[in-house]
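The values are calculated or read from the model by the stated rules, or taken from the named source; none is laboratory data. Just so it is clear, the model here is predicted, and its values are computed rather than measured. Every residue, glycine as well, gets a Cβ built from its backbone with ideal geometry; the counts of neighbours run over all protein chains shown. Calculation scope for accessible area: heavy atoms of the full protein, side chains included, ligands and nucleic acids excluded. Shrake-Rupley method; radii C 1.70, N 1.55, O 1.52, S 1.80 Å.
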Amino acid sequence: MATPSDTQPIHVIGGGLAGSEAAWQIAEAGLPVTLHEMRPERMTEAHKTQGLAELVCSNSFRSDDAEANAVGLLHEEMRRANSLIMAAGDAHKLPAGGALAVDRENFSACVTERLGAHSLVKIVRGEIAGHPPQDWSSVIIATGPLTSPALSQAVRALTGEDELAFFDAIAPIVTKESINMDICWFQSRYDKTGPGGTGADYINCPLNEARYNAFIDALLAGEKTEFHQWEKDTPYFEGCLPIEVMAARGRETLRYGPMKPVGLTNSHDPGIKPYAIVQLRQDNALATLWNMVGFQTKLKYGAQTDIFRMIPGLETAVFARLGGLHRNTFLNSPKVLDESLRLRAEPRLRFAGQITGVEGYVESSAIGLLAGRFAAAEKLGRTAPPPPPTTAMGALINHITGGHLASEDASGARSFQPMNVNFGLFPPIERPKPKDGKRLRGKEKGHARKRALCARALADTDAWLGAPAREAAE
Ligand SMILES: Cc1cc2nc3c(=O)[nH]c(=O)nc-3n(C[C@H](O)[C@H](O)[C@H](O)COP(=O)(O)OP(=O)(O)OC[C@H]3O[C@@H](n4cnc5c(N)ncnc54)[C@H](O)[C@@H]3O)c2cc1C
């Protein structure tokens, strides 16, 4: 058996969901790990206890359906990879239909106890208030969306000012196959090709005057969510104004902003100039996901689906994620992290959890699981191949470290925004042929595709987990 190249522990900063999972994976690989958690010495604005892996809001891990749901699939892959977070969740689940909901206090107590009882885990309470000490040779930073200001500043100094954000301004993301291309067309404004384009890089949805006015009325009337008091104190930029706030400033504001109809000709109807246009930009390398440009919003989720489906061409849109605007701390990961989650500028530092640009309890834990495995393998002098992109864990890490297209707006705003796991991140699969030879239609067809994606993912996860570790080449 390989032995560590040095006897120092791996240091994990942040005992939330990702940090707890990372520490567990390292200890289970037979290596010492020190987990640093600042609570209760210093609290965040959302945490209320000193327990590890505290759930700050809902108590749901979402769907537990591993046969046809992307997050349910992620649960199952993590269970197969010896996840502490999933084991604790399963041990303390509550009745919640098809979802995995947990008793939050017992869940957090279970994670705290199991880590505390592990002979290779040392838990140290206290804030890491700056650049991690230079003599820590391997560090995982998993300090989450509410990373303490002193550490965020240190990270920002390492990454450069523009590469660590304090707000996510998420525009809704739509699956390509749900967009009606009989109404929409491909074209870049003024057919500009730019550095990597073709002149036809955007999907455009045309609105006539009546449709535009109805859309503005719906935006103004739509139910909105409120900022938390502590979010109100975090400044955010004029460039990221929610669309409903822009609409409230004047009926024409959006027509002169993200919905301006200039430099575009509807190829289905070249003689008629649209009154306004919504543009969607490719969001992932697979071209399966498209984000609605400039459409960050604080509308409630139900209102978003109703209102955005009023846009011609998006009547049957499937949203891979809905829009939002929250206080968050996250890296421009496609640019600053390598494929094993190391900071390119200082590779002894790895990142895990929400700070890498995933969203959600389960996704954050999954990235913790991978960071822990990568750090342990590195210490043992081995290479740890990432999970295949056909798996939920692989699709997620691929998105944050390479799959996302790192484009920028004219304003300079970067397009990488936090993402939940969803089937749009997976490489396409050939539609399964029904055994009775009849063609599948509508919902049946979509369901069969999801089942095929899940079956492929679980088979590939098993192969990945069973793959023998290789000694790293010097
Ligand atoms: C208000 C809010 C509500 C959310 N609600 C949900 C929800 O309902 N469902 C969902 O799926 N996701 C939700 N999220 C998103 C996200 O999934 C969770 O925040 C999740 O906990 C992220 O996991 P993490 O491990 O990356 O960070 P966390 O779980 O937040 O863990 C980070 C840990 O690092 C510690 N820490 C921070 N700085 C330092 C430091 N300098 N030194 C030492 N320790 C430090 C913190 O105390 C914390 O324990 C929410 C996020 C927020 C902010």
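For this structure, a couple of remarks:
- Taking 19 Å as the straight-line reach from the Cα of Lys298, the lysines in range (excluding those fewer than 8 positions away in the same chain) are Lys224, Lys232.
- Once you reduce segment 24-75 and segment 179-229 to the center of their Cα atoms, the two points are 37 Å from each other.
- Fraction of beta bridges assigned by DSSP in the chain that are antiparallel (%, nearest 5): 70 percent
- Inter-label distance for Asp191 and Arg456, nm, one decimal - labels placed 7 Å from Cα along Cα-to-Cβ: 3.7 nm
- Rg and Dmax of segment 41-147, Cα atoms only, in Å: 15.8, 49
- Plainly put, segment 111-234 has a radius of gyration that is 1.14 times its Kirkwood radius, both from alpha-carbon atoms, as the Rg/Rh ratio.
- Here the sum of -39500 (n - 2.57) over DSSP H runs of 4 or more residues, divided by the residues of the chain, equals -9000 deg cm²/dmol at 222 nm, to the nearest 500.
- Rolling a 1.4 Å probe over the protein heavy atoms gives segment 227-370 an accessible area of 37 Å² per residue.
- Near Arg431, once Lys and Arg are set to +1 and Asp and Glu to -1 for all other residues with Cβ below 10 Å from its Cβ, the sum equals +3.
- Among Met419, Ala317, Gly294 - extreme Cα towards positive end, dipole of the chain, charges at beta-carbon: Ala317
- Charge sum, other residues only, whose C-beta stays under 15 Å from Leu264's C-beta, Lys/Arg counted +1 and Asp/Glu -1: +3
- Oblate is the label for segment 236-303, because the ratio a/c of its alpha-carbon gyration tensor axes (a ≥ b ≥ c) is 1.5 or higher and a/b is not greater than b/c.
- Between Arg249 and His268, residue separation times 0.36 nm minus the direct Cα-Cα distance comes to 3.6 nm.
- Lysines with Cα under 23 Å of Lys273, excluding same-chain neighbours fewer than 8 positions away: Lys192, Lys260
- Net +/- balance of residues flanking Arg251 in space, Cβ distance below 13 Å, scoring K and R +1, D and E -1: -2
- Within the same chain, lysines fewer than 8 places from Lys438 are excluded, and of the rest, those with a Cα less than 25 Å from its Cα are Lys450.
- Overall form of segment 95-164 per C-alpha gyration tensor (a/c, 1.5; a/b vs b/c): oblate
- Debye log10 I(q)/I(0) at q = 0.06, 0.07, 0.08 Å⁻¹ for the chain, Cα point scatterers: -0.28, -0.38, -0.49
- Theoretical FRET efficiency, 1/(1+(r/R0)^6), r = Cβ-Cβ of Phe227 and Ser60, R0 25 Å, to 0.05: 0.65
- Solvent-accessible area of the chain (1.4 angstrom probe, protein heavy atoms only): carbon and sulfur portion equals 54 percent.
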